[in-house]
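What follows draws every value from the coordinates through simple rules; no lab data is involved. In this text the structure is predicted, and so the values were computed from the model without any measurement. For neighbour counting, all protein chains shown are included, and Cβ atoms are generated from backbone atoms with ideal geometry for every residue, glycine included.
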Amino acid sequence: MTMQRDDTACHRDSLVGIAHQAMIDKGLEPDFGKPVEAELATLQAPAKAKAGDPSVRDLRDRLWCSIDNDDSRDLDQLTVAEDLGGGRVRLLVAVADVDALVKKGTAIDDHARKNTTSVYTAGGIFPMLPEKLSTNLTSLNEGEDRLALVIEMTVRDGGVEKGDVYPALVHNRAQLTYDAVGTWLEGGTAPAKVEKIAGLGENLKLQDRTADGMRARRHENGALDLETIEARAVFADGNVVDLRQERRNNARMLIEDCMIGANGVTARFLAGRGLPSLRRVVRSPERWDRIEKIAEDLGERLPPDPDAKALEEFLVQQRQRDPLRFPDLSLAVVKAMGAGEYVVESPGEASLGHFGLAVKDYSHSTAPNRRFPDLIAHRLLKSALTRTAPAYTRDELAALAAHCTAQEDAANKVERQVRKSAAACLLSSRIDEKFDAIVTGAGDKGTWVRILRPPVEGKLVHGSDGVDVGDRIRVKLVGVDVDRGFIDFVRTRR
C-alpha cells in the first residue's frame, strides 16, 4: 500500500470525487435530482409572514447576531439577551423557519428526508438542502429580514426557569465568527462589527455570562467536559498542506450552551402540549468497565456503575493535570460511551436522557438547514402552536428516529473517510516514520490509533494484541491509500 505523494490525487477536486462516491456507497444521495431542481425554480423569495397575522411577533429591533465558522453560509440561528434584573436574563434563540418554504412531502423535503443531514467533508459540503435555500432563502443572513421560530428562555443562576416558543420576524445585525468573537471574549480586540453596532458588545458579554452560568449548572449535574480533536484540512493552491485543529473557545461554548438550553425548551414545550417528539439521547456508557480501566491506569478510581458526576470530576482533574493529552483521554472516553441516537418519546414516558450533557429533555431543533430531525421538530412545534393534528404520527416518528440515526452514522463515516483521505495525502511522504499514538478503537473489525502530530487516525495492522482503547503506544507508518482513506501503522518499540 506504500505510495509516494501524488499532488493530483491530493487536490481538492480529487477529494470531492472521493466524497461523492463515499456518499453513494453509504446510501446517501450526493446530488439533487430533476424534481428538486424543478421545485427549486418555483421558489424565488424568502417566506413572509401573512399580513396581519397576530401570532408572528416583530422582533427586528433586537440586537440579533449569528456566530459560526469562518466559512459558514447556512446560518440557522441568531441569539440575543435581555437583562431582566434580579439576576434573571431573558435569552432568545431565533431559528430559521425552513418549513415555511420546504413543505412536508415535497421533492426537496424527500431529498432532505433521505440524507437527513448536510455532509461536511474535506473536499466540500454536500448540503441537505439546495444552497439556494440553505445559504440564501432560508438562511438568517446578515442584513435580511427573516421568519424564524424563537425559543425563549428565562435563566437565573444558570437554570432555565421557564421557556416559550413562538414565530417571529427577525433581522441579523452582524454575521460573526467563532475565532474573532472568541479571541475578543478572551481579552483580545473586538471584531469591527461589534465595535460598530452600539450595544452589541455589551449584549454578547451578557450572553457569554449567561451561557457560563448554564454550563456551570450542567457540570454540577454531571455534564462531561470533553475536548476531542477535530482537525480540518488546510489547502494551498488546491492541495492539502496541513491539518489544523479547531480550537474550542468562549464563543463556541456560548453557542453550544445556548443551543443545549433551547433544545431542552423545545422538548418540554412539545411534551407540555401532549405531543411525542424525537429526542436525542446518549445512553449510559456501553463500556463503563473500560472507562473504569482508563481511570485506573491514570491512578484514579471510578464507581462500579455509570456515574456522570464522578466521571466529570475525574475529567476536570485530568484536564488540569495533563492538558496536552486531555483530548486523547476525551476521545477514549467518547469511544467507550457509545454513539448518540434518536428515539421517540411521548409525554409521561421515562426519558432516557443525554448522559454526556446531563440533561433529561433534549430534542434537536436549532439547525433545520443542516439536520432533518430539527425540521421535524419545527413541524411538530407548529402543530402545537396552531393546535392542529401532529405533523407526524408516533409510528412515523419511530421510523424516522431509526432512519435519522442510521443516516447520521453513514454521514459520519463519509466525513471520516474523506478526512482520512486528506490525511493520507499529507502523510504519503512520511512512510516509515515513527509516532506516539493513542488507541482509539478496538474490536472485531480491527484496532485503530491516532497519532498526535499531525492529529491523524489510522489502522493498527500489526501488533494489536493486548491493546485497548486509551492505551498509549509507539507506531510506525507503513502505508497509505488516498482513494480509500487507508492509513496503516504497525506497533514498534521505539
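In region 202-256, one over the average inverse separation of all distinct C-alpha pairs is 13.6 Å, which is the Kirkwood hydrodynamic radius. Residue-normalised convex hull volume from the C-alpha trace of region 313-455: 167 Å³ per residue. Take the Kirkwood radius over Cα pairs of region 394-468, plug it into Stokes-Einstein at 37 °C and 0.692 mPa s, and you get 224 µm²/s for translational diffusion. Near I125, no amide H atom lies under 5 Å from its own; only residues 5 or more places off or on other chains count, and H is placed 1.01 Å from N. Working from the Cα coordinates of region 215-301, the gyration tensor eigenvalues give, after taking √(5λ), semi-axes of 31, 25, 14 Å in decreasing order. Karplus-based coupling profile of region 479-494, in residue order and whole Hz: x, 9, 9, 5, 4, 9, x, 8, 9, 10, 10, 10, 7, 9, 6, 9, with θ = phi - 60° in 6.51 cos²θ - 1.76 cosθ + 1.60 and x standing for Gly or Pro. Sequentially through region 234-244, phi angles give Karplus couplings (6.51, -1.76, 1.60; θ = phi - 60°) of 10, 10, 9, 6, x, 9, 5, 10, 6, 10, 10 Hz, Gly and Pro residues having no value and appearing as x.
Direction-averaged projected area, Cα convex hull, region 353-434: 8.5 nm², rounded to one decimal. Over 21 Å apart at the Cα level, from the set K104/K382; K309/K445; K434/K459; K50/K103; K34/K103; K26/K114, are K309/K445.
Would you work out which of G201, G213, L185 lies farthest towards the positive end of the dipole of region 172-215, given +1 charges on the beta-carbon of Lys and Arg and -1 on that of Asp and Glu, about the Cα centre? Value computed over the given set: G201. Distance distribution P(r), region 277-333, all Cα-Cα pairs, bin width 10 angstrom from 0: 22, 54, 19, 5, 0 percent.
Distance from the C-alpha centroid of region 171-202 to that of region 125-168: 19 Å, rounded to the whole angstrom. Volume per residue for region 116-228 equals 185 cubic angstrom (convex hull of Cα atoms). Using a/c under 1.5 as the rounded threshold, could you call the chain rounded, prolate or oblate? The axes a ≥ b ≥ c are square roots of the C-alpha gyration tensor eigenvalues, and prolate needs a/b larger than b/c, oblate otherwise. Here the chain falls in the prolate category. Absence of a disulfide-compatible partner, taken as no other cysteine beta carbon within less than 4.7 angstrom, is noted in the chain for C65, C258, C404.
Per-residue Karplus couplings for region 135-145, computed as 6.51 cos²θ - 1.76 cosθ + 1.60 with θ equal to phi - 60°, are listed in order as 10, 9, 5, 10, 8, 7, 6, 4, x, 10, 7 Hz, Gly and Pro entered as x.
Within the chain, the selection of entire DSSP H helices by a Cα span of 15 Å or greater along the long axis and an average Kyte-Doolittle value of at least -1.0 returns 12-25, 250-272, 308-321, 326-337, 372-386, 394-427. Of the trypsin sites (Lys or Arg not before Pro) found in region 300-406, those in coil by DSSP whose Cβ has at most 11 other Cβ atoms within 10 Å are R301, R387.
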